[in-house]
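Please read the structure below before turning to the comments.
The values are calculated or read from the model by the stated rules, or taken from the named source; none is laboratory data. Since we're looking at a predicted model, the values are computed, not measured. Reconstructed Cβ throughout: ideal geometry from the backbone, glycine too, with neighbour counts over all protein chains shown. Remember, those area values only see protein heavy atoms, side chains included, never the ligands or the DNA or RNA. Shrake-Rupley method; radii C 1.70, N 1.55, O 1.52, S 1.80 Å.
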Amino acid sequence: MTWSSALKQTARSGLTIERAKLTPVIAVRGAAGVALVIGVCLWRGSPALAVSSAFGAFASGLVTFQRSMRPRPVLALAVAGALAVSTFLGYLVAAHLPAFVVLLAGWTVLAGMAWAIGPVSGLAGTLTVAIMLVTVTLPTSVLEALQHAALIFCGGLVQAALILVFPVRPWGVQRDALADALAAEADYARRLRQDPVAPFDPAPLMDARLASAVTPRQARRRPVQLHGPRGLAERVRPVLASLADPVVGAPAEGPERDRARDLLQAAGTVLDAVAHAVRHDSPVRLPPEAMATLEVPASGPMLHGAARRSAYRLISLLADAVELTDEPVQATRPTTEAERGPGGREEGSHLLRPSVPRLVPVALRALHRETRWSSPIFRHALRVGTVAVCGYLLGAALPFGHGYWVPLTSVMVMRPDFGQTYARGVARFIGTLVGVTVSGGLLALAHPGPNVCAGLAVVFVFLMYLLMRTGVSVTSACVAGYVIFLLGIAGEGWTQTVEERVVLTLLGGLLAMLSYALFPAWETPRLRDRLAEWLTTNGRYALAVLDRYARPAEGRPRQVREALLDARAARAAWEESVARAEKEPVRHRGLSRTAATAAGAALATMGRVTMIMEAHLPGKDAEPSPGAAAFAAELRPALERAAHAVRERDRLDWSALRAVWERWDAESAGQGVALRAAGLLVDALDDLAAALSRGRGGRRRAVDGGAEGTIPPAQ
């Protein structure tokens, strides 16, 4: 993609205003917290104290709107504490430019590294830098700086208290995540009726797993509806796929396929009903037609073989899902078999989230993993630290006041990837221009006093909380109005504020964009590494499943589960990398967009086939499969060679693996789920080799012999 195309696409993305579900009650609660601290400080303190406390309440409320599974009061207190510390330290050295520049650089680099912990931590770190740049100009003594820091923390304390006193949908985020996973599987079941090999995005299941991780204190208070259905959803997906697959499950045509379609339709109906009950904390309501379909028919079309086993398993799992979801929320009961993992261990026992004190070593390990030159997070931290310092010095050198708006804009715009940085830069400037025009016009025409400015600031912060998910440009307009009216409380002139904010915001946005062009961290060259990692984790998943067929008595259920989770994480990393690479003005390094799409589809098929094998795992008393053992023995070194070949742009050759499968097929006379699924697995790997053999202009390299061809040079 050329630079002009990339800039046009990111600008369009940033200016897009999306329809989103509004949460007016939560927005009112957040705005009430800001109004409360402003009102108390104006009544008992000074306008400057009101501004500091309002920034603390604003930032704490902003973080609580992010999609995080942490309790909202904890998030509010954590960001308020970080804001108080950054503000006080900033004031201590604000009078000495060299010392403040060093502090700003170090703090901004740490804030940039916070993205390694997670997006919410990254946003919190960004807010600490932004608020520090503004509030260090307000105090006039060390004692006042302590007061301002304390009031900033009190702003977060007020937001946390309001969340506790006026809870809105307790466990709502967890309920939505689990309901989204169940609804995604319902949609998957219906798509399988028309396309037996339809793809499935595991992201909703990953979100549901993340949401199910709770602290020990939360585990004692979690509603019963949030215990069992997630584990059942995990086990329903492979059963759906194995029932629909024409090679392993029901035949492609005929009465058995009609019966399979009816079961898939009924499964979608039941899963949708369970999702609705979980989301709204209500009983499960099932239509009689779906229940009749799930009854084993006395006559008519009947399933046979593996498809029959899948149907019985599906009916059992759906009945368990309805039973677990329909139980009273306050009921206590022993853990059922459906809620236990494959090894009999409770599904939730290994999903305990560390408490805040125990999260510290986890965060430190995450930071340590990203402290390397090749890490995009590390490069982002260095980039944003450099830009913050340059922006601050540039703002101080210009003949304007409030030079901190240059680094403030840059820090708020910059993200670890190119697409978000440029999209947010354009959206923030346009939104700020609109917000400054509206709020500046009101100030110029009405000349409101401090109390009126405070009221207008609360209105704008309410609009920001309400419209936060509609787009960056809308949010930026509301934030601009909020900041201008907030500074108006402290007596800032409207003309100076408007002119400076437009010019300095433009400079800050341009500085952020220029920094990414001069010191990029492109995702495009890393696509082959991401693809190799996905291939490796998919292979481990396949090997874990094949080992269960080869040695049923020695099987370790947790090994299969952990391998599946690693494969999902690698797939998510690949898809995120592809999405970022598509927006970058970088030509491909031997992996075109067409090749990346085809390779991703091949590995997704590989994961689906392995999942079908997992749905039919043998019991511990089953006979070992020599064919599965030989296939796994050949697959293990072949995967190591293939991962190296993907990274080095060499030819992939699966001919030896196919020969082993053909011997297995001849010895078993084509019988067995594992055998048929292994054949599909080899087909998927051949598709991967074909996808990576494509060069520009449709050229191909030989896969099964012949001349290797040429490798497209790095562009």
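Would it be correct to say that THR409 is polar (S, T, N, Q), buried (at least 19 other Cβ atoms within 10 Å of the Cβ) and modelled with pLDDT under 90? Criteria met by THR409. Within the stretch 183-198, the set of residues being in a helix (DSSP H, G or I) and open to solvent by 60 Å² or more (accessible area, probe 1.4 Å) comprises ASP187, ARG190, ARG191, GLN194.
Restricting the search to the stretch 548-567, which residues are more than 24 Å from the chain's Cα centre (by Cα) and surrounded by fewer than 20 Cβ atoms within 10 Å (Cβ to Cβ)? Correct list: ARG551, PRO552, ALA553, GLU554, ARG556, PRO557, ARG558, GLN559.
Quick check, is PRO251 outside any helix (DSSP H, G or I) and open to solvent by 20 Å² or more (accessible area, probe 1.4 Å)? So PRO251 passes the test.
Cβ separations smaller than 7 Å between residues 6+ apart or across chains give no pair from the stretch 553-576 residues that are farther than 30 Å from LEU591 by Cα and hydroxyl-bearing (Ser, Thr, Tyr) to residues that are part of a helix (DSSP H, G or I) and modelled with pLDDT of 90 or more.
Annotation: GLY441 fulfils all but one of (1) under 30 Å from ALA54 (Cβ atoms); (2) surrounded by 20 or more Cβ atoms within 10 Å (Cβ to Cβ); (3) of a type in the set (Gly, Ala, Ser); the unmet one is (2). GLN225 meets the conditions (1) surrounded by fewer than 23 Cβ atoms within 10 Å (Cβ to Cβ); (2) more than 23 Å from the chain's Cα centre (by Cα); (3) polar (S, T, N, Q) in every case but one. The failed one is (1).
In the stretch 569-586, what count of residues is obtained for those that are surrounded by fewer than 18 Cβ atoms within 10 Å (Cβ to Cβ) and in a helix (DSSP H, G or I)? Count: 6. Reported count of residues in the stretch 599-622, each being buried (at least 18 other Cβ atoms within 10 Å of the Cβ) and either of a type in the set (A, V, I, L, M, F, W, C) or modelled with pLDDT under 85 (or both), is 11. In the condition set (1) in a helix (DSSP H, G or I); (2) closer than 29 Å to VAL673 by Cα; (3) not aromatic (Phe, Trp, Tyr), ALA208 is compliant with all but (2). Looking at the stretch 673-684, can you tell me whether even one residue there is more than 17 Å from GLY627 (Cα to Cα) and either hydrophobic (A, V, I, L, M, F, W, C) or in contact with a strand residue (DSSP E or B) (Cβ under 9 Å, 6 or more places away or on another chain) (or both)? Checking the stretch 673-684: at least one residue is more than 17 Å from GLY627 (Cα to Cα) and either hydrophobic (A, V, I, L, M, F, W, C) or in contact with a strand residue (DSSP E or B) (Cβ under 9 Å, 6 or more places away or on another chain) (or both). Of all the residues in the stretch 168-182, those that are within 23 Å of ALA80 (Cα to Cα) and open to solvent by 80 Å² or more (accessible area, probe 1.4 Å) number 1. In a residue-by-residue description of the stretch 423-435, the property of being among the basic types (Lys, Arg) and not in a helix (DSSP H, G or I) applies to no position. The single condition among (1) in contact with a Ser or Thr (Cβ under 6 Å, 6 or more places away or on another chain); (2) over 20 Å from ALA94 (Cβ atoms); (3) of a type outside the set (A, V, I, L, M) that GLY385 does not meet is (2).
Could you tell me which residue of the stretch 664-679 is most open to solvent (accessible area, probe 1.4 Å), considering only residues that are touching a helix residue (DSSP H, G or I) at 6+ places or on another chain (Cβ under 7 Å) and farther than 17 Å from VAL609 by Cβ? Here the answer is GLU667.
Looking only at the stretch 92-114, decide whether some residue is open to solvent by less than 20 Å² (accessible area, probe 1.4 Å), closer than 26 Å to ARG217 by Cβ and at pLDDT 90 or above. Scanning the stretch 92-114, I find at least one residue that is open to solvent by less than 20 Å² (accessible area, probe 1.4 Å), closer than 26 Å to ARG217 by Cβ and at pLDDT 90 or above, so the answer is yes.
Taking the numbered list (1) open to solvent by 20 Å² or more (accessible area, probe 1.4 Å); (2) within 25 Å of the chain's Cα centre (by Cα) in turn, PRO202 passes all entries but (1).
Could you tell me whether the stretch 656-663 includes any residue that is surrounded by 18 or more Cβ atoms within 10 Å (Cβ to Cβ), at pLDDT below 90 and either over 24 Å from LEU564 (Cβ atoms) or aliphatic (A, V, I, L, M) (or both)? No: the stretch 656-663 contains no residue that is surrounded by 18 or more Cβ atoms within 10 Å (Cβ to Cβ), at pLDDT below 90 and either over 24 Å from LEU564 (Cβ atoms) or aliphatic (A, V, I, L, M) (or both). Within the stretch 5-47, the set of residues being farther than 30 Å from GLY488 by Cβ and touching a residue at least 40 places away in the same chain (Cβ under 8 Å) comprises SER5, ALA6, LEU7, GLN9, THR10, ALA11, SER13, THR16, GLU18, ARG19, LYS21. Does ARG415 count as open to solvent by 10 Å² or more (accessible area, probe 1.4 Å), under 30 Å from GLU584 (Cα atoms) and modelled with pLDDT under 85? Considered against the rule, which asks whether it is open to solvent by 10 Å² or more (accessible area, probe 1.4 Å), under 30 Å from GLU584 (Cα atoms) and modelled with pLDDT under 85, ARG415 comes out as no. Residues in the stretch 518-535 that are open to solvent by less than 40 Å² (accessible area, probe 1.4 Å) and assigned to a helix (DSSP H, G or I) were compared, and the one that is farthest from ALA642 (Cα to Cα) is THR524.
Touching a residue at least 12 places away in the same chain (Cβ under 8 Å) and either open to solvent by 20 Å² or more (accessible area, probe 1.4 Å) or not hydrophobic (A, V, I, L, M, F, W, C) (or both): is that true of VAL545 in this structure? No: the conditions fail for VAL545. Within the stretch 69-84, the residues that satisfy the criterion of being out of contact with any Phe, Trp or Tyr (no Cβ under 9 Å at 6 or more places or on another chain) and of a type outside the set (D, E, K, R) are MET69, PRO71, PRO73, VAL74, LEU75, ALA76, ALA78, VAL79, ALA82. You will find that of ALA84, ALA48, ALA31, the residue that is crowded, with 16+ Cβ neighbours inside 10 Å, more than 25 Å from TRP107 (Cα to Cα) and hydrophobic (A, V, I, L, M, F, W, C) is ALA31 and no other. Count, please, the residues in the stretch 90-131 that happen to be assigned to a helix (DSSP H, G or I) and either among the small types (Gly, Ala, Ser) or at positive phi (or both). Looking only at that region, the number is 14. Among the criteria (1) open to solvent by 40 Å² or more (accessible area, probe 1.4 Å); (2) assigned to a helix (DSSP H, G or I); (3) without any contact (Cβ under 8 Å) to a residue 60 or more places away in the chain; (4) over 30 Å from LEU7 (Cβ atoms), the one ALA645 does not fulfil is (1).
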